[in-house]
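First comes the structure, then the notes that go with it.
The values are calculated or read from the model by the stated rules, or taken from the named source; none is laboratory data. All figures in this text were calculated on a predicted structure; none of them were measured in a lab. Here Cβ is always computed from backbone atoms with ideal geometry, including for glycine, and neighbour counts include all displayed protein chains.
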Amino acid sequence: MSIKEIPNRIRIRSTQDIRHYLKSYPFKGLTDFFMEYESRNRLLPKTEVYKRMQSTLIVMKESIAKGKAKVNRTPSGLINGGCHTFLNNMPNTIHLMGEWFNTVIANTLAVSELNACMGRIVATPTAGACGVMPGAFLTICDKFSIPEDKQIQSLFIAGGMGELIQINASLSGSQHGCQAEVGSASAITASAIVALFEVSLDKIENAAALAMSNLLGLVCDPVAGLVEFPCVHRNIVGSVNAIACAQMALAGLTSPIPFDEVVSAMKQIGDDLPASLKETSRGGLAITPTGLRIQRKVRDEDPEKAY
Ligand code: SF4
């Protein structure tokens, strides 16, 4: 096939489209493809999209530090210094999976709690799921001393995979349940982690497919309509899942169902979910006796702690 000039607008609907572009146009690889995608579709020079991604990375790193620096509490009491307690109790607690695993949990908690307290975070891809990418991806970057440039490049790949989810399904809990928020966050984080070590579309796709498959069906049932519980704790599941799936893909395990089809399945499941499980707080954990008690207290603006 002859190599053509890269078109002004790049359109993708599937990983097959990406493969087609990579084969037909002179991209320097997958990272270059996603950077060109951003640049051409946003009508910004590549240097500018790179700079913006660099700023995003800095904010993400700051959100971990800020989330850990204070005791995060919300008026509902659902966020009640969890990260602080976790870190303080660690020296006297058994370490089930080693110290590094605890850092993944602490970093995810820090960012998710900061979000609940209205701190500055990066929506990756949403505010509700903002702890997954910093908690898993940045902790791995730190562990392996990954250079900043490589981190930024991998974020472009995460962004590209997120774009496919957004185009074919959604990233919104109110549209498709928590599978679309934490599930998508986990999938794009898994893809970014793989890209740190191997920029292979096959492996990136497999990691994302496995990560999203594991969280299919996850409903959105926030207690009292607040992005606090179960949101913060689900972010940790998203982080751990992302790392496990990235590890499996790097070791050559594959998803029997391709990423594009997993995304279609997510959309179909999300469309079938009742409205009560799509961020309305009319189902699931939100309507348990305790969930309703907390909701009543929050809505009545009871000055006492609800939880
Ligand atoms: S439960 Fe709903 S509000 Fe909470 S993180 Fe998931 S999708 Fe977002």
> Taking the stated definitions as given, is Leu196 of a type outside the set (Asp, Glu), under 18 Å from Ala136 (Cα atoms), away from the ligand (no atom under 13 Å from the Cβ) and at pLDDT 95 or above?
Replying inline: yes
> Taking segment 110-152, which residues are among the polar types (S, T, N, Q) and more than 15 Å from the chain's Cα centre (by Cα)?
Replying inline: Ser145, Gln151
> Can you pull out the residues in segment 33-54 that are free of Cβ contacts under 8 Å to residues at least 12 places away in the same chain and surrounded by 17 or more Cβ atoms within 10 Å (Cβ to Cβ)?
Replying inline: Ser39
> Looking only at segment 268-299, which residues are more than 15 Å from Ser172 (Cβ to Cβ) and aliphatic (A, V, I, L, M)?
Replying inline: Leu285, Ala286, Ile287, Leu292, Ile294, Val298
>> Condition check: modelled with pLDDT of 95 or more, aliphatic (A, V, I, L, M), away from the ligand (no atom under 16 Å from the Cβ) and in a helix (DSSP H, G or I). Does Val104 satisfy that?
In response: yes
> Given the structure, is Asn168 within 16 Å of the ligand (Cβ to nearest atom) and among the polar types (S, T, N, Q)?
Replying inline: no
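Conditions tested, residue by residue: (1) within 16 Å of the ligand (Cβ to nearest atom); (2) surrounded by fewer than 19 Cβ atoms within 10 Å (Cβ to Cβ); (3) not hydrophobic (A, V, I, L, M, F, W, C).
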{"site": "Gly177", "(1), (2), (3)": "yes, no, yes"}
{"site": "Leu215", "(1), (2), (3)": "yes, no, no"}
{"site": "Ala224", "(1), (2), (3)": "yes, no, no"}
{"site": "Ser239", "(1), (2), (3)": "yes, no, yes"}
{"site": "Ala242", "(1), (2), (3)": "yes, no, no"}
{"site": "Gly252", "(1), (2), (3)": "no, yes, yes"}
{"site": "Ser281", "(1), (2), (3)": "yes, no, yes"}
> Hey, among the residues in segment 132-146 that are part of a loop (DSSP other than H, G, I, E, B) and of a type outside the set (Phe, Trp, Tyr), which one's nearest to the ligand (Cβ to nearest atom)?
Replying inline: Ile146
> Exactly one of (1) outside any loop (DSSP other than H, G, I, E, B); (2) out of contact with any Gly (no Cβ under 6 Å at 6 or more places or on another chain); (3) not β-branched (Val, Ile, Thr) is unmet by Leu114. Its number?
Replying inline: (2)
> In this structure, does Ala129 turn out to be under 22 Å from Lys66 (Cα atoms), assigned to a loop (DSSP other than H, G, I, E, B) and within 14 Å of the ligand (Cβ to nearest atom)?
Replying inline: yes
>> I'd like to check something: does segment 50-71 contain any residue that is farther than 23 Å from Gly135 by Cβ, at pLDDT 95 or above and assigned to a helix (DSSP H, G or I)?
In response: yes
>> Considering only residues that are surrounded by fewer than 21 Cβ atoms within 10 Å (Cβ to Cβ) and assigned to a helix (DSSP H, G or I), which ones fall in segment 147-160?
In response: Glu148, Asp149, Lys150, Ile152
> If you scan segment 254-271, which residues turn out to be farther than 16 Å from Ser184 by Cβ and either of a type in the set (S, T, N, Q) or within 16 Å of the ligand (Cβ to nearest atom) (or both)?
Replying inline: Thr254
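Condition check ((1) in contact with a Phe, Trp or Tyr (Cβ under 7 Å, 6 or more places away or on another chain); (2) assigned to a loop (DSSP other than H, G, I, E, B); (3) among the polar types (S, T, N, Q)) across all residues:
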| residue | (1), (2), (3) |
| --- | --- |
| Pro7 | no, yes, no |
| Ile10 | yes, yes, no |
| Arg13 | no, yes, no |
| Gln16 | no, no, yes |
| His20 | no, no, no |
| Pro26 | no, yes, no |
| Phe33 | yes, no, no |
| Glu36 | yes, no, no |
> When you scan segment 115-126, how many residues do you find that are more than 13 Å from the ligand (Cβ to nearest atom), of a type in the set (A, V, I, L, M, F, W, C) and under 11 Å from Met60 (Cβ atoms)?
Replying inline: 1
